[in-house]
Amino acid sequence: MSEVKVFKTISGDEVIAKVVKEEADHWVLESARILFPQNKGDGTVSLVMIPLITVAENPELQTESDMIFYTKNIMAVIFTVPASLEKSYLQQVSSIQLI
């Protein structure tokens, strides 16, 4: 089963994704999304999830949505993703409605 993790890249993006596989120099990610803060106009901020790569197809990987994310491009990894963020992410990338 895949784990959901959040990555902070060297470019400053925060990426949430299912980790399919971990290697010494890279991660194989599925359904990666950039976390983008959005001002709701009432003084609060929400997180919007935008696909990291809108078209990802690599015949060497198992699914169309798999991608390789090299560790040299990552500044930090959050191993324990807040439950509400993980739930929102999983609802967006699957057809399952979580309660």
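Just checking, does segment 45-55 include any residue being more than 14 Å from the chain's Cα centre (by Cα), modelled with pLDDT under 90 and not in a loop (DSSP other than H, G, I, E, B)? Yes, some residue in segment 45-55 is more than 14 Å from the chain's Cα centre (by Cα), modelled with pLDDT under 90 and not in a loop (DSSP other than H, G, I, E, B).
The residues in segment 66-99 that are in a loop (DSSP other than H, G, I, E, B) and at pLDDT 85 or above can be counted, and the count is 3. Filtering segment 1-44 to residues that are more than 8 Å from the chain's Cα centre (by Cα), under 16 Å from A76 (Cβ atoms) and small (G, A, S) leaves S11, G12. Does T63 satisfy being assigned to a loop (DSSP other than H, G, I, E, B), loosely packed, with under 14 Cβ neighbours inside 10 Å, modelled with pLDDT of 85 or more and of a type in the set (S, T, N, Q)? For T63, the condition - assigned to a loop (DSSP other than H, G, I, E, B), loosely packed, with under 14 Cβ neighbours inside 10 Å, modelled with pLDDT of 85 or more and of a type in the set (S, T, N, Q) - is not met.
The values are calculated or read from the model by the stated rules, or taken from the named source; none is laboratory data. Model, not experiment: these values are computed from the prediction. Glycine gets a Cβ as well: all are built from the backbone with ideal geometry, and neighbour counts include every protein chain shown.
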